[in-house]
Amino acid sequence: MASRKMSTISTERLATLEDLQAQFDEMSSMVDEFQGTIEGGASEPEELLAIKSQLAQLNGKLDRFQFESVDAVATGDLSSGKSDAKAMRKALNAGVDVLRERVTALHSAL
């Protein structure tokens, strides 16, 4: 985020995007943990079935997160923070797409 003075609405939208980034980071960490457990090879079948179920749920959560949260942050009406907000939203959407691919691949591997 730039050090220039931004409008209140730009500041609020950027704060929303920062909160969404934190939520995304939590989901990404969860996938990292699942991947470590799966690749560790010492898991019980019940644990792997639970992970498979959680991955399926996470896939749906990622869809809702992207379409109901990230894409819901409007940037078109911003002036002072428009470029920052658009860049943050674009990066979040790209991250969600990559994470969704990882989730799908892990789910398929189980």
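Taking only protein heavy atoms and a 1.4 Å probe, the accessible area of the stretch 1-98 is 51% carbon and sulfur. Placing one equal scatterer on every Cα of the chain and applying the Debye formula, the log10 ratio I(q)/I(0) at q = 0.15, 0.18 Å⁻¹ is -0.67, -0.83. Summing Lys and Arg as +1 and Asp and Glu as -1 over all other residues whose Cβ lies under 11 Å from the Cβ of Leu55 gives a net charge of +4. When the Cα positions of Leu99, Ser79, Leu55 are compared along the charge dipole of the chain, Ser79 comes out farthest toward the positive end, with charges on each C-beta of Lys, Arg, Asp and Glu. For the chain, the longest principal axis of the Cα atoms and the long axis of helix 82-109 meet at an angle of about 10 degrees. From its DSSP helices (H runs of at least four residues, each -39,500 (n - 2.57)), the chain gives a residue-normalised ellipticity at 222 nm of -26500 deg cm²/dmol.
Going by a ≥ b ≥ c, the root eigenvalues of the Cα gyration tensor, does the stretch 70-110 fall in the rounded group (a/c under 1.5), the prolate group (a/b larger than b/c) or the oblate group? List each step's numbers first, then the result.
Working: a/c = 7.66, a/b = 3.81, b/c = 2.01.
Since a/c reaches 1.5 and a/b is larger than b/c, the shape of the stretch 70-110 is classed as prolate.
Solvent-accessible surface of the chain, averaged per residue with a 1.4 angstrom probe and all protein chains in place: 59 square angstrom.
The values are calculated or read from the model by the stated rules, or taken from the named source; none is laboratory data. This is a predicted model, so every value here is computed, not measured. No Cβ is skipped: glycine too gets one built from the backbone with ideal geometry, and neighbour counts run over all protein chains shown. For accessibility, only protein heavy atoms count, side chains too; no ligands or nucleic acids. Shrake-Rupley method; radii C 1.70, N 1.55, O 1.52, S 1.80 Å.
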